[in-house]
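Visitor: Sharing a structure with you now.
The values are calculated or read from the model by the stated rules, or taken from the named source; none is laboratory data. The structure presented is a predicted model; accordingly, all values stated were derived computationally and were not measured. Reconstructed Cβ throughout: ideal geometry from the backbone, glycine too, with neighbour counts over all protein chains shown.
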Amino acid sequence: MGTDTHERIIIIGSGPAAHTAAVYAARAELSPLLFEGFMAGGVAAGGQLTTTTEVENYPGFPEGIQGPELMDRMRAQSLHHGTRIKTETVAKVELGSRPFRIHAPSGTYTTDALVISTGATAKRMHLPGEERLWQKGISACAVCDGALPIFRNAPLVVIGGGDSACEEASYLTKFGSSVTMLVRRDELRASKAMQKRVLNNEKIRVLWNTEATEVSGEDKLQYVHVKNNHSGEEQKIEAAGLFYAIGHTPNTAFLEGQLETDETGYLLTMPDSTATALPGVFAAGDVKDKVWRQAVTAAGMGCMAALEAERFLAEQE
Ligand SMILES: Cc1cc2nc3c(=O)[nH]c(=O)nc-3n(C[C@H](O)[C@H](O)[C@H](O)COP(=O)(O)OP(=O)(O)OC[C@H]3O[C@@H](n4cnc5c(N)ncnc54)[C@H](O)[C@@H]3O)c2cc1C
């Protein structure tokens, strides 16, 4: 039972940000304790990359590497340097005074410094057929997966009408034979410049007032079934790829509003820093980044968080 065990640094999360922070903190002899979560937010310990197959853009793996294997390796590296890992989801934190209190199933822990790297979860629609075809043509990250061979010169579909959806649709035109955007309303929510880019691109067709209702295919995605929400008309669109671009939910609910966030729930940090407004609390990775959202950028922020925490702890002594 870990009741009131005191730690110098606790890291919450299990993606590239958390493990990079752990490697740096462990090598700095801070003996970090890391809570990796147990299906936290519906995602396995290891974070978002456990939900994908090939990762081709993480440096050091010229032939690419499977997402789950990359995360196993990061975890092994954390352990190798002395990180202690608990497969538990942090339910609640108390940040009102130092040391901070962290509540997990095995007990309450106190800590002088805290790194929050709980990531974000890409929103999905969970359409009929989706679980079976997930990662067999269906993805929630065009920048990550768009260049994979299965999408080359093939018809692709993007769901969403905001800036990210427009950005992703434009990006996918480099690879697909065509890109169909399914937009629920009769207008795009994206900036005017972004709208222009999409509407002027002859490889992109926009289906207005249109919602996906189902996905089908034998062993990979073949069709996206759609319905016009005005006329009720239904059709089956041939598609080798379906990309969700309907936003992400940062995993911050357990913080119960104790840290400042933007209007969409992403943690706010100081410029060029992972420090939150609360001294001793650092935020790294997708939980504070709605712009780049890549494994390598998350890892970079994890490194920053550990170095900043180390500096903070040294100043306290
Ligand atoms: C389908 C898909 C494919 C992708 N492909 C690529 C790619 O090819 N290349 C690339 O660079 N990026 C890719 N990305 C993006 C990449 O996965 C993320 O940018 C990266 O994983 C973010 O890392 P992170 O450390 O911030 O957290 P995450 O990977 O989001 O992990 C955080 C994890 O922390 C755990 N956690 C959450 N809450 C708690 C809690 N309260 N207590 C304990 N643990 C908790 C959960 O397991 C959570 O998943 C992909 C994303 C998706 C969804």
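Visitor: In the stretch 66-87, which residues are farther than 15 Å from residue 47 by Cβ and within 10 Å of the ligand (Cβ to nearest atom)?
Guide: 86
Visitor: Here's something else I'd like to know. Looking only at the stretch 29-51, which residues are of a type in the set (A, V, I, L, M), part of a loop (DSSP other than H, G, I, E, B), out of contact with any helix residue (DSSP H, G or I) (no Cβ under 7 Å at 6 or more places or on another chain) and at negative phi?
Guide: Scanning the stretch 29-51 gives a single hit, 45.
Visitor: Select, from 176, 257, the only residue that is more than 18 Å from residue 133 (Cα to Cα) and in the same structural domain as residue 105 (by TED's automatic domain parsing).
Guide: Of the residues listed, the single one that is more than 18 Å from residue 133 (Cα to Cα) and in the same structural domain as residue 105 (by TED's automatic domain parsing) is 257.
Visitor: Taking the stretch 55-89, which residues are buried (at least 16 other Cβ atoms within 10 Å of the Cβ) and charged (D, E, K, R)?
Guide: Within the stretch 55-89, 75, 86, 88 qualify.
Visitor: Out of the stretch 269-295, which residues are more than 11 Å from the ligand (Cβ to nearest atom) and either crowded, with 17+ Cβ neighbours inside 10 Å or not assigned by TED's automatic domain parsing to the domain that holds residue 52 (or both)?
Guide: If the condition is that a residue be more than 11 Å from the ligand (Cβ to nearest atom) and either crowded, with 17+ Cβ neighbours inside 10 Å or not assigned by TED's automatic domain parsing to the domain that holds residue 52 (or both), then 269, 274, 275, 276, 280, 281, 282 are the ones that fit.
Visitor: Among the numbered criteria (1) out of contact with any Lys or Arg (no Cβ under 6 Å at 6 or more places or on another chain); (2) more than 6 Å from the ligand (Cβ to nearest atom), which single criterion is violated by residue 30?
Guide: (1)
Visitor: Name the single residue, out of those in the stretch 33-65 being over 15 Å from residue 22 (Cβ atoms) and of a type in the set (Gly, Ala, Ser), that is nearest to the ligand (Cβ to nearest atom).
Guide: Within the stretch 33-65, the match that is nearest to the ligand (Cβ to nearest atom) is 40.
Visitor: Then there is this: Looking at (1) in contact (Cβ under 8 Å) with a residue 60 or more places away in the chain; (2) in a loop (DSSP other than H, G, I, E, B); (3) buried (at least 23 other Cβ atoms within 10 Å of the Cβ); (4) more than 14 Å from the ligand (Cβ to nearest atom), find the lone condition where residue 118 falls short.
Guide: Here residue 118 clears every test but (4).
Visitor: Something else now. Any idea which residue in the stretch 212-239 is nearest to residue 148 (Cα to Cα), counting only those that are in contact with a Gly (Cβ under 6 Å, 6 or more places away or on another chain) and among the aliphatic types (A, V, I, L, M)?
Guide: Taking the candidates together, the pick is 221.
Visitor: Here is a follow-up. Would you point out which residue out of 244, 266 is at pLDDT 95 or above, in contact with a Cys (Cβ under 9 Å, 6 or more places away or on another chain), under 30 Å from residue 211 (Cα atoms) and within 13 Å of the ligand (Cβ to nearest atom)?
Guide: Going through 244, 266 in turn, just one is at pLDDT 95 or above, in contact with a Cys (Cβ under 9 Å, 6 or more places away or on another chain), under 30 Å from residue 211 (Cα atoms) and within 13 Å of the ligand (Cβ to nearest atom): 244.
Visitor: Select from the stretch 19-45 the residues that are surrounded by fewer than 19 Cβ atoms within 10 Å (Cβ to Cβ) and under 20 Å from residue 121 (Cβ atoms) and list them in ascending order.
Guide: If the condition is that a residue be surrounded by fewer than 19 Cβ atoms within 10 Å (Cβ to Cβ) and under 20 Å from residue 121 (Cβ atoms), then 38, 39, 41, 42, 44 are the ones that fit.
Visitor: Right, next: Only residues that are on the phi > 0 side of the Ramachandran plot and surrounded by fewer than 16 Cβ atoms within 10 Å (Cβ to Cβ): list them for the stretch 215-246, please.
Guide: Within the stretch 215-246, 232 is the sole residue that qualifies.
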